[in-house]
Amino acid sequence: MRATGRNIELTIDNLVVNYDDEGDEKAPAIIFIHGFPFNKSMWDMQVEALKDNYRVIAYDIRGHGNSDAGDEEFSIDLFVNDLLCLMDALELDNVILCGLSMGGYVALRAIENYPELFDALILSDTQCAADTPEGKEKRLKAIENIKENGVENYADESIKNLFAAESFITRIKVIAAVKNMIVGTSVESLINTLFALSTREETCIKLDDIKMPVLIMVGSEDKITPLGAARVMHEGIPDSFLKVIAHAGHLANLENPSVFNHHLRKFLHRFAKKQFHYS
Ligand code: MLT
């Protein structure tokens, strides 16, 4: 029998994966993939908004939240493999994927390699480019910083870049929750994931092969994966729609959930009705 609800634990190849699974089993399934270094709780407002009409799954990527880290070296391809194992265990195909930032890297790579398993894609605050040499250098500095000054300091430094300026006044609780997600991630997982991010391959060259409806959203003040990166994906993916989310930085779904959810719902509704003239 299918387990439903929050914080379900499933052991796949000796790795405990923690996930939420809400909504009707027969409804279209959406899988949410979180960014780095967060966990599935960053999607709580979207799960709540969609669960009456969709089967909504949000899971913790290995080493994040309450999922095991395992023994293997982290990579985006390993995270894709974990996603496929979860889908296999839940007997899911024809999935709609929604990924933010690192979650978007995983989603783009999954769709590049296994397009037949997915029906639609939502990308938020992410990019198709790999790390530049300067970007890789920053990752190494971040690793040194974590080793020398600890996770709390890393969290405080990261938070400065994650949010729109006004969120520091209007979204104090969200910022505290995000800090908790960061400090709740082990030093080992932070370092392993930073290596995985720095060695990821670009997915821009294959954007034209994505033959499904794609909604791209980006916070108007996203400093990490800015509007320009969203435009590159929009221009590359034939059936894509771009929405800029005002009053938001890199975590658009948390900083402006009402507008984010409005676009999400509208896209999904049009997709369900197979009307792709989204405006
Ligand atoms: C994320 O939010 O997942 C990270 O900002 C991704 C990255 O550092 O490239």
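The values are calculated or read from the model by the stated rules, or taken from the named source; none is laboratory data. Everything numeric in this text was worked out from a predicted model, so none of it was measured. Counting neighbours? That spans all protein chains shown, and the Cβs are built from the backbone with ideal geometry, glycine included. Heads up: the accessible areas ignore ligands, DNA and RNA and are worked out on the full protein's heavy atoms, side chains in. Shrake-Rupley method; radii C 1.70, N 1.55, O 1.52, S 1.80 Å.
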Determine, yes or no, whether residue 221 is part of a loop (DSSP other than H, G, I, E, B) and within 24 Å of residue 117 (Cα to Cα).
no
Scan the stretch 269-276 and tell me whether some residue there is touching a residue at least 12 places away in the same chain (Cβ under 8 Å), open to solvent by 40 Å² or more (accessible area, probe 1.4 Å) and farther than 22 Å from residue 48 by Cβ.
yes
For the subset of the stretch 113-135 comprising residues that are in a helix (DSSP H, G or I) and open to solvent by 80 Å² or more (accessible area, probe 1.4 Å), which member is farthest from the ligand (Cβ to nearest atom)?
116
Do we have any residue at all in the stretch 21-29 that's away from the ligand (no atom under 16 Å from the Cβ), modelled with pLDDT of 95 or more, closer than 19 Å to residue 8 by Cα and buried (at least 21 other Cβ atoms within 10 Å of the Cβ)?
yes
Residues of the stretch 35-54 being basic (Lys, Arg) and within 16 Å of the ligand (Cβ to nearest atom), which ones?
40
Which of the residues belonging to the stretch 223-234 are touching a strand residue (DSSP E or B) at 6+ places or on another chain (Cβ under 9 Å) and open to solvent by 10 Å² or more (accessible area, probe 1.4 Å)?
226, 227, 229, 231, 234
Near pairs, Cβ below 8 angstrom, 6+ apart or cross-chain, from the stretch 22-44 (more than 8 Å from residue 56 (Cα to Cα)) to any residue that is more than 16 Å from the ligand (Cβ to nearest atom) and open to solvent by 30 Å² or more (accessible area, probe 1.4 Å):
25/2; 27/53; 28/94; 28/119; 28/272; 39/66
